[in-house]
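See structure below.
Nothing in this text is a laboratory measurement; each read-out follows from the coordinates by a stated rule. All values derive from a computational prediction rather than experimental measurement. Positions of Cβ are backbone-derived with ideal geometry, glycine not excepted, and every protein chain shown enters the neighbour counts.
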Number of protein chains: 2
Amino acid sequence: MKEVYNFGAGPAMLPRPVMKQVQEGFLDFAGLGVSIVEVSHRSKQFEALLSETDELFRRVAKLPENYEILYFHGGAQMLFSAVPLNLMGRKPKRMAQYVETGNFSQIAATEAAKFGRIELAASSAANGFAEIPKIIPVDPEASFLHITSNNTLFGTQYKEFPKTGEVPLVVDMTSEILSRPIDYSKTGLVYAGAQKNLGPSGIAMVFVRKDLIGHAPKDCPKLLDFAVYRDNHSMANTANTFAIWMINLVLKWLEGEGGVEAISKINSQKAAVLYDCLDQSQFYRPVAHKEHRSLMNVCFNLAQEDLLADFVAQAQKQGLYALKGHRLVGGARASIYNAMPLAGVQALADFMKEFERTKG
Amino acid sequence: MKEVYNFGAGPAMLPRPVMKQVQEGFLDFAGLGVSIVEVSHRSKQFEALLSETDELFRRVAKLPENYEILYFHGGAQMLFSAVPLNLMGRKPKRMAQYVETGNFSQIAATEAAKFGRIELAASSAANGFAEIPKIIPVDPEASFLHITSNNTLFGTQYKEFPKTGEVPLVVDMTSEILSRPIDYSKTGLVYAGAQKNLGPSGIAMVFVRKDLIGHAPKDCPKLLDFAVYRDNHSMANTANTFAIWMINLVLKWLEGEGGVEAISKINSQKAAVLYDCLDQSQFYRPVAHKEHRSLMNVCFNLAQEDLLADFVAQAQKQGLYALKGHRLVGGARASIYNAMPLAGVQALADFMKEFERTKG
């Protein structure tokens, strides 16, 4: 098979060694002679895998002991409902503040408004979401403040998280989880769909401070209640066993690569290669303001917009896959999550220069 | 690798040819050079797979045109919440009737009570769930009547579904979906977690009559609202792409085997081999009453209960895996879903006779 570098925003490229392990190990989990997709989630072998995955998360993320790890059904958008359902009732105002930095933060806020009052803490809508806005002082009576730390559509990223004092900071880190060191003790809850940096789609991870669990209303759907996940080690019903297995392998790979610190440096290098390429060109136009550029999603336009389809098609012929921007914003986008090797980014930069030379 | 027959109740054995296809095709989906777990759910290749899977379901299940097919996050227990959330408000009484035939029907009813009033239409609790109870006449003011058509813990199965007139019949078919011909036009909604007859865990299928969609309350969590799934072809957020791919392959396999009619006959043969073995023995004691025996889960006890652990261990040594009954009820259980070949059942019957000969 020809070498392909997958720049898709998610489901996204996963580490090559993990992909091979999955293929080789698919038919026989833990020496049982049955596959991970065929083994009971109540088997001691699967329970051992789950506990090991907990330990890997805690070690790799440097997650403090007073945070619970939940394996959540349905992806980050299930958390768009579950977060307000579980946290809104903590304060009598039943109000939460949301920062608007793009499409997903808007969807999250719209969903949250079903369960309480939502205040807009800040927005960068006026300038096309090309930057991260300054946040007004947090209302101490807010149940939580919600941010989307990396915005895949517009290629922006918080370099520092806002300080929220006693108000729990809730962070959707779907498109950057475990890509850089984070002091989780400064957050109340972090969640992330798995399908970018962790594994396959259909599952989300939640890191939540233990005291924030247990505040869901009585009529909260069972599988949206954090306490149900905590009390059942995320197995109140049949867990997504295949996804958890893959996440386990991805975490082992990440640890073997030197962990989050090491991958963070490589991620910075990778992004620098592409942003340098964009900055040195009049042919390409980066979308995000310099100080808020994402290390995960490099979004850009072509000065000659009518060349975009050709750009994407030519790239794909050279094994540079899925460079088309999100359907809502257009343009081009290179998603360069943890699994993308530096060589892939260099191949893309070479292609971009060559494309500019021939078409520019 | 030694030949293993997996009698686990779920996640369960999947068809051998499908397992090989998944392994062989894991690294390259649709000739793109990237895996199914790495490809965008918005790619035309994945959308084609999803549409093809719809067509396969409609053909294999003989599902009428006025039924929608939904690919639901989280498994059947997410439907324990979603069904009452979506259907309860159809009638002013906000009442639904549930039939109690075991553990899962109880969990379903308990969950539903969060969203309306639940009436017990019938129960077989008094005789240990060893049979399917007679159902009292359905209240025409009920929003729906809910049954669990196959009960994995106790090995019982409805041979015919109750007649509910204008009241929609809702059927949890998790442990028997596509195992026998069903006239879906007599049902309002059928749902099933995938991890027994369809594919990996973490996803559930819903077949729902179109007029039953659109009745969720305004504060229904987005990914529990049937209308959201319908309006977005089950892709309001990132679908569980791996599971849908596997389900697609399982459906093709089933169609190749002759479809539901053909597999239904084999399922009857398989069950007969084991029930004959039980009926001819004083050493083994079947759990379910004869007229309500499940063709999917054959539950039995050993007359000498202290031999159970040895029975399970000896079987496993011979490649007959996961014969231990559910942790809540004990005993032994052989789950023989669509993917279990007749040869596996015969091997188990041979083992049982030999075990009885040496220990009985």
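Some points to look at:
- In this assembly of identical copies, the label point of B:Pro64 (Cα plus 7 Å along Cα-to-Cβ) is separated from its counterparts by 5.9 nm, sorted shortest first.
- Taking the DSSP beta bridges with both ends in chain B, the antiparallel portion is around 60 percent.
- Taken as Cα centroids, the stretch A:300-346 and the stretch A:205-276 sit 28 Å apart, rounded to the nearest whole angstrom.
- Spatial separation of Cα centroids for the stretch B:60-87 and the stretch A:1-53, in angstrom: 28
- DSSP bridge analysis restricted to the protein assembly as shown gives an antiparallel fraction near 60%, rounded to the nearest 5.
- Top of B:Thr101, B:Thr241, B:Thr174 by mean-square fluctuation, Gaussian network on chain B, Cα under 10 Å: B:Thr241
- For the stretch A:264-278, backbone phi angles converted through the Karplus equation (6.51, -1.76, 1.60; θ = phi - 60°) give residue-by-residue couplings of 4, 5, 5, 4, 5, 4, 4, 4, 4, 4, 6, 5, 4, 4, 5 Hz, Gly and Pro being listed as x.
- Under the combined filter of DSSP loop state and at most 10 neighbouring Cβ atoms within 10 Å, the stretch A:41-124 retains these GluC sites (Glu not before Pro): A:Glu65.
- Amide H contacts of B:His146 (H built 1.01 Å from N, under 5 Å, at least 5 apart or other chain): B:Gln97, B:Tyr98, B:Val99, B:Val170
- Here A:Ala303 yields copy-to-copy label distances, from shortest upward, of 9.1 nm, the label point defined as 7 Å from Cα along Cα to C-beta.
- Listed by Cβ neighbour count within 10 Å, with the fewest neighbours leading, A:Ile135, A:Ile263 appear as A:Ile135, A:Ile263.
- Summed side-chain charge close to B:Met19 - residues other than B:Met19 whose Cβ falls under 14 Å, Lys, Arg +1, Asp, Glu -1: -2
- Counting other Cβ atoms within 10 Å as a rough exposure proxy, the listed residues B:Val83, A:Val18, B:Val298, A:Val99 run A:Val18, A:Val99, B:Val298, B:Val83 from fewest neighbours to most.
- FRET efficiency for A:Ala48 and B:Gln346, using Cβ-Cβ distance with R0 set to 41 Å, rounded to 0.05: 0.80
- For the options B:Ile177, B:Ile107, B:Ile247, a Gaussian network treatment of chain B with springs between C-alpha atoms closer than 10 Å singles out B:Ile107 as fluctuating the most.
- For the stretch A:320-354, the residues whose backbone nitrogen is under 12 Å from a point 7 Å from the Cα of A:Gln269, taken along Cα to Cβ, are A:341-346.
- With label points set 7 Å from Cα along Cα→Cβ, the inter-copy distances at A:Lys353 are 7.6 nm, sorted shortest first.
- The ranking of A:His146, A:His292, A:His73 from fewest to most other beta carbons within 10 Å of each one's beta carbon is A:His292, A:His146, A:His73.
- Note on A:Ala313 and B:Arg285: the model spin-label points, each 7 Å out from Cα along the C-beta direction, lie 7.4 nm apart.
- Counted over the stretch B:115-209, the DSSP beta bridges are approximately 50% antiparallel.
- At R0 = 45 Å, FRET efficiency that the Cβ-Cβ distance of A:Ala30 and A:Ser185 yields, to 0.05: 0.85
- Positive minus negative residues near A:Lys359 (Lys, Arg vs Asp, Glu; Cβ under 14 Å): -3
- In sequence order, calculated HN-Hα J values of the stretch A:211-222 (Karplus, 6.51, -1.76, 1.60; Hz; x Gly/Pro): 6, 8, 8, x, 10, 6, x, 4, 9, 5, x, 3
- Unsatisfied cross-links (Cα-Cα over 23 Å) in the set A:Lys159/A:Lys265; A:Lys290/B:Lys44; B:Lys290/B:Lys324; B:Lys252/B:Lys317; A:Lys20/A:Lys196: A:Lys290/B:Lys44; B:Lys252/B:Lys317
- The dipole here belongs to the stretch B:17-256: it is taken about the Cα centre, uses +1 on the Cβ of Lys and Arg and -1 on the Cβ of Asp and Glu, and is about 320 debye.
- In whole percents, the pair-distance distribution calculated for the protein assembly as shown from its alpha-carbon pairs, binned every 20 Å from zero, is 18, 49, 28, 5, 0.
- Just checking the listed ones, A:Asp139, A:Asp306, A:Asp279: in the Gaussian network model of chain A with Cα springs under 10 Å, the one fluctuating most is A:Asp306.
- Residue-by-residue Karplus 3J(HN,Hα) for the stretch A:310-327, coefficients 6.51, -1.76, 1.60, Hz, glycine and proline x: 5, 4, 5, 5, 4, 4, 4, 4, 8, x, 9, 9, 6, 9, 6, x, 4, 4
- Relative contact order [Cα under 8 Å, 6+ residues apart], chain B, whole percent: 23
- Total charge dipole magnitude, the protein assembly as shown, about the Cα centre, Cβ charges on Lys, Arg, Asp, Glu only, Debye to nearest 20: 420
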